[in-house]
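Undergrad: What follows is a structure written as structure tokens; I'll ask about it next.
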Protein chains: 4
Amino acid sequence: MVCRIEIIEKPQLNDPILIEGLPGIGFVANIAALHLIGELKATCFAEIASASFQDFAVTTESGGTRSPMNELYYYKRSDGGRDLIIWYGNTQALTTFGQYELCGKVLDLVQELGCRCVISIGGFKKEEVPAVPAIYCAATDEETMKEVMDLGTKVMMGHIFGIAGLLIGLGKLRRLKGFSLLVETLGMYPDANATRHGLSVLDKYLGLDVDLSKLDATADQTKKVLESFGLIKNVAEEKKKEEQQMRWFI
Amino acid sequence: MVCRIEIIEKPQLNDPILIEGLPGIGFVANIAALHLIGELKATCFAEIASASFQDFAVTTESGGTRSPMNELYYYKRSDGGRDLIIWYGNTQALTTFGQYELCGKVLDLVQELGCRCVISIGGFKKEEVPAVPAIYCAATDEETMKEVMDLGTKVMMGHIFGIAGLLIGLGKLRRLKGFSLLVETLGMYPDANATRHGLSVLDKYLGLDVDLSKLDATADQTKKVLESFGLIKNVAEEKKKEEQQMRWFI
Amino acid sequence: MVCRIEIIEKPQLNDPILIEGLPGIGFVANIAALHLIGELKATCFAEIASASFQDFAVTTESGGTRSPMNELYYYKRSDGGRDLIIWYGNTQALTTFGQYELCGKVLDLVQELGCRCVISIGGFKKEEVPAVPAIYCAATDEETMKEVMDLGTKVMMGHIFGIAGLLIGLGKLRRLKGFSLLVETLGMYPDANATRHGLSVLDKYLGLDVDLSKLDATADQTKKVLESFGLIKNVAEEKKKEEQQMRWFI
Amino acid sequence: MVCRIEIIEKPQLNDPILIEGLPGIGFVANIAALHLIGELKATCFAEIASASFQDFAVTTESGGTRSPMNELYYYKRSDGGRDLIIWYGNTQALTTFGQYELCGKVLDLVQELGCRCVISIGGFKKEEVPAVPAIYCAATDEETMKEVMDLGTKVMMGHIFGIAGLLIGLGKLRRLKGFSLLVETLGMYPDANATRHGLSVLDKYLGLDVDLSKLDATADQTKKVLESFGLIKNVAEEKKKEEQQMRWFI
């Protein structure tokens, strides 16, 4: 199957922008995406399972199940602005191959919906972070770079790992425009403060005026979800190795 | 080839339920499936080889060969109840990728045969297990959860590994209903007692009235098959092999 | 590409038997296949490259190149007997996945040519081997088993690793008949003696009357080819590890 | 996606020759390709991303992004000679599987453009290298070998790793002609001197008369690009990662 996308609805969208929000450093993108979905009351239109996600289910308190999954939400703007597609999930793919596959499949789908602009958010891991973290940016082209720099971001120096970097790179190859916002973070826990500052910049760029007052609650919710998938623990643990074979015997 | 399914027969089935019974913790599912196949005289209608199974053949006492293999059996009920599809095998896939592929292919086939409900069975590993082991449950939806709780099961807390968890998760993504039964077990050997208690609950759910008197013999048979494939030994051994880490966390 | 088969010719064959002869324990199959090809003047009709072979080329003394490769040869019998397809190569696939893929592709092709019987040869590693090594057998069915036992072979006990086991297993899944001949060998070098005894049995089974007088020369030739691919060294070395990434920097 | 080729233009070419120039030992091929592209003002007509490249983006000084990527350039000769296709990139694939896939896809495309001849360049790692490094050669056929030997090269002895070897091997399987030029190098840094001598031979073979005076600048440029992708560091580091062993030997 590699990557299975269950399409619930194919929305008609106005020149939509894709915002990537998978778990990563400081969980900045993940909290941001969940917050946007909640505040904008965005609608889930596609569910994605990948053979490169973990092969287990986790249970909820009432005996329900949650699986490693990505989802796409849309938000249609009433103010005539560009619509949004929000890419949320409780995991990235576990292998390089899976990351490319996942990113390629999502790009296929959103391009079909008319998307020509992609934004990824991420944490930029630092040993120390000031109360107001710096926000860095890298973009596919000079024009976009100038737009985002004008919002008070700095030039990103270094690698952008995982889906955040891949989305910009594969987007550029497909002649999409886009940028990556990287917020300073210690990176060890779901960082509400970093997310708040990152979302402020994104909010200005998109002209959304999203309420950030309940962001701490979103960070807590993100923490719970990711703990249930063992992702938070992974960050804290120094060397967590899983067995490749026979892992169903424990 | 990835996954090759050799279809022997495409049975006409009445709203069939899939019961997964591959080797796993305590081999509960594996013994249960083999016992159901034997007692119900179920018919094998498909054989599955996967490129993610081990690449060897094992020999039988008379010089015959057995290969790593999964099989699907059907049981047509004469009492007007829902028919059964039993998923039996001597191995799960060895990689996460292979697990998804295998589960996806089996779901493709059983959905083609009209299946809308999936059940997985598993062991829930505990350090100590009472004579009457507790049975835990997780389900795709509240209604199913209530039905299974009414049979005396408890709410499952934690991860459901391997095909048992994947089946519920991928089933839910495909809008199937289903649940997973997890029986307390030490998990180190084919656990006939755990299987007996698990099968009792399953039997009540399905209204089958299966004879469990020869279950110890089925457990012995399971042990022999799995020993020949080196699976029992694997359980005892401490050595673990590593899987892909969450490489997008730096 | 996974597996690329370059078909040179599609021969018309009379109920052909496939004989597998890739490098393995004691290189028994590899020497046997090369010897049959030479003595029978068999014709190469297909070349196979797999993405699961090693990614290098080796040079010959005159500056030519050899690549990891499998080949299929045919031999049309003038005595009215069943024709032969000989599967020769300088490597097996390096991963389980690749082994299945390779074996599946070869079976696809030979079945298209009418093949319904497969034979694999292998070494059975022992600490000590008598001057006349014992020959073991495992078969897909009782009738075939009886035929091969009548030639003086013993019942094989244990695992048949790699392509030798896979061919019998995947063949059986496809309803082919077949058997595996396993000759006692120390397994550390190309074993001409083990091959001679194995070929004698095969020769009797096929009624070929192949000249074995130059078998030592064939073993030497096999040794040279495999040394150039680093395979002999691998057997002797205790733990030869290669790097997964960036292996093109050395 | 495995391998995604973005074709910008399908040029009409006159019996073109493919020259491979990916990073490898001493970065000889990589510098040579970049230099040819610059001096000949070759035109990029295809961009290639592979799921076997690294999954990150690197940033430029101005906040732009660069991704792991391969590119194909063409150069149409006005002197009636055979046109050139130059295969440039900042990485090879990270896995054996990916290497085969990448090489297969490129061969598919260039064969479609009429290519029947492939040339790979590489470093031949030595402990000591004289001021005028020796240049070794291996070819698909005797005629080509003679042509290249006549330019002062020696017979290559040993393995040709990575894409350089694969291209010749897979090319030969497809009945293409070709050769590999291997220049002595210490292999630890982008070796402008080795590249100069290699390019001289290539230049003579192709009758190009390329200006080599700015080759040191090209080597510096290559160094910068590869450092940003962490490839130069990799060469210096001792740590090796293991690949699949010949697991069918027990």
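Undergrad: If you take the residues in region B:93-118 that are assigned to a loop (DSSP other than H, G, I, E, B) and open to solvent by 10 Å² or more (accessible area, probe 1.4 Å), which one is farthest from B:Ala46 (Cα to Cα)?
TA: Only one residue tops the list, namely B:Thr95.
Undergrad: Would region D:192-210 turn up any residue that is of a type outside the set (D, E, K, R), assigned to a loop (DSSP other than H, G, I, E, B), within 14 Å of another protein chain (Cβ to nearest Cβ) and touching a helix residue (DSSP H, G or I) at 6+ places or on another chain (Cβ under 8 Å)?
TA: No, the conditions are met nowhere in region D:192-210.
Undergrad: Here's a follow-up. Take region A:119-166 and flag every residue that is over 19 Å from A:Met188 (Cβ atoms), small (Gly, Ala, Ser) and part of a helix (DSSP H, G or I).
TA: Answer for region A:119-166, where residues must be over 19 Å from A:Met188 (Cβ atoms), small (Gly, Ala, Ser) and part of a helix (DSSP H, G or I): just A:Gly165.
Undergrad: Tally time: how many residues in region D:188-244 are at positive phi and either crowded, with 20+ Cβ neighbours inside 10 Å or modelled with pLDDT of 90 or more (or both)?
TA: Selection size over region D:188-244: 2.
Undergrad: Check whether at least one residue in region A:80-88 is of a type in the set (Gly, Ala, Ser), within 25 Å of A:Gly122 (Cβ to Cβ) and modelled with pLDDT under 95, and report yes or no.
TA: Scanning region A:80-88, I find at least one residue that is of a type in the set (Gly, Ala, Ser), within 25 Å of A:Gly122 (Cβ to Cβ) and modelled with pLDDT under 95, so the answer is yes.
Undergrad: What strands (runs of 3 or more DSSP E) lie completely within region A:7-74 and have 1 or more residues being farther than 21 Å from B:Ile160 by Cα, within 14 Å of another protein chain (Cβ to nearest Cβ) and in contact with a helix residue (DSSP H, G or I) (Cβ under 6 Å, 6 or more places away or on another chain)?
TA: The strands (runs of 3 or more DSSP E) meeting that bar are A:17-21.
Undergrad: List the residue pairs whose Cβ atoms are under 7 Å apart, where the first residue sits in region A:175-196 and is among the polar types (S, T, N, Q), the second is assigned to a strand (DSSP E or B) and open to solvent by 70 Å² or more (accessible area, probe 1.4 Å), and the two are 6 or more positions apart or on different chains.
TA: As it stands, the answer is A:Thr185/A:Lys125, since those pairs meet every condition given.
Undergrad: Going through region D:119-142 one residue at a time, which ones are surrounded by 21 or more Cβ atoms within 10 Å (Cβ to Cβ) and closer than 21 Å to C:Thr65 by Cα?
TA: D:Ile119, D:Ser120, D:Ile121, D:Gly122, D:Gly123, D:Phe124, D:Ile135, D:Tyr136, D:Cys137, D:Ala138, D:Ala139, D:Thr140
Undergrad: If you don't mind, there's one more thing I want to ask. Determine if region A:80-89 includes at least one residue that is crowded, with 24+ Cβ neighbours inside 10 Å, within 9 Å of another protein chain (Cβ to nearest Cβ) and in contact (Cβ under 8 Å) with a residue 12 or more places away in the chain.
TA: No: region A:80-89 contains no residue that is crowded, with 24+ Cβ neighbours inside 10 Å, within 9 Å of another protein chain (Cβ to nearest Cβ) and in contact (Cβ under 8 Å) with a residue 12 or more places away in the chain.
Undergrad: Can you name every residue in region D:53-69 that is open to solvent by less than 20 Å² (accessible area, probe 1.4 Å) and under 17 Å from the mean Cα position of the chain (by Cα)?
TA: D:Phe53, D:Pro68 - these are the residues of region D:53-69 that are open to solvent by less than 20 Å² (accessible area, probe 1.4 Å) and under 17 Å from the mean Cα position of the chain (by Cα).
Undergrad: Output the residue which, of all residues in region D:28-52 that are polar (S, T, N, Q) and over 27 Å from D:Leu212 (Cβ atoms), is surrounded by the fewest Cβ atoms within 10 Å (Cβ to Cβ).
TA: Within region D:28-52, the match that is surrounded by the fewest Cβ atoms within 10 Å (Cβ to Cβ) is D:Ser52.
Undergrad: Could you grab me the full set of residues in region A:109-150 that are over 20 Å from A:Ile25 (Cβ atoms), acidic (Asp, Glu) and more than 9 Å from chain D (Cβ to nearest Cβ)?
TA: Listed by number, the residues that qualify are A:Glu112, A:Glu143, A:Glu147, A:Asp150.
Undergrad: Here is a follow-up. Out of all the residues in region C:70-79, which are open to solvent by 10 Å² or more (accessible area, probe 1.4 Å) and over 14 Å from C:Asp15 (Cα atoms)?
TA: Within region C:70-79, C:Glu71, C:Tyr73 meet the criteria.
Undergrad: Could you grab me the full set of residues in region A:152-173 that are surrounded by 20 or more Cβ atoms within 10 Å (Cβ to Cβ) and either on the phi > 0 side of the Ramachandran plot or more than 7 Å from chain D (Cβ to nearest Cβ) (or both)?
TA: Across region A:152-173, the qualifying residues are A:Thr153, A:Gly162, A:Ile163, A:Ala164, A:Leu167, A:Gly171.
The values are calculated or read from the model by the stated rules, or taken from the named source; none is laboratory data. On a predicted model such as this, the values are computed, not experimentally measured, just so you know. Note: ideal-geometry Cβ built from the backbone for every residue, glycine included; neighbour counts use all protein chains shown. These area figures cover heavy atoms from the full protein model, side chains too; ligands, DNA and RNA do not enter into them. Shrake-Rupley method; radii C 1.70, N 1.55, O 1.52, S 1.80 Å.
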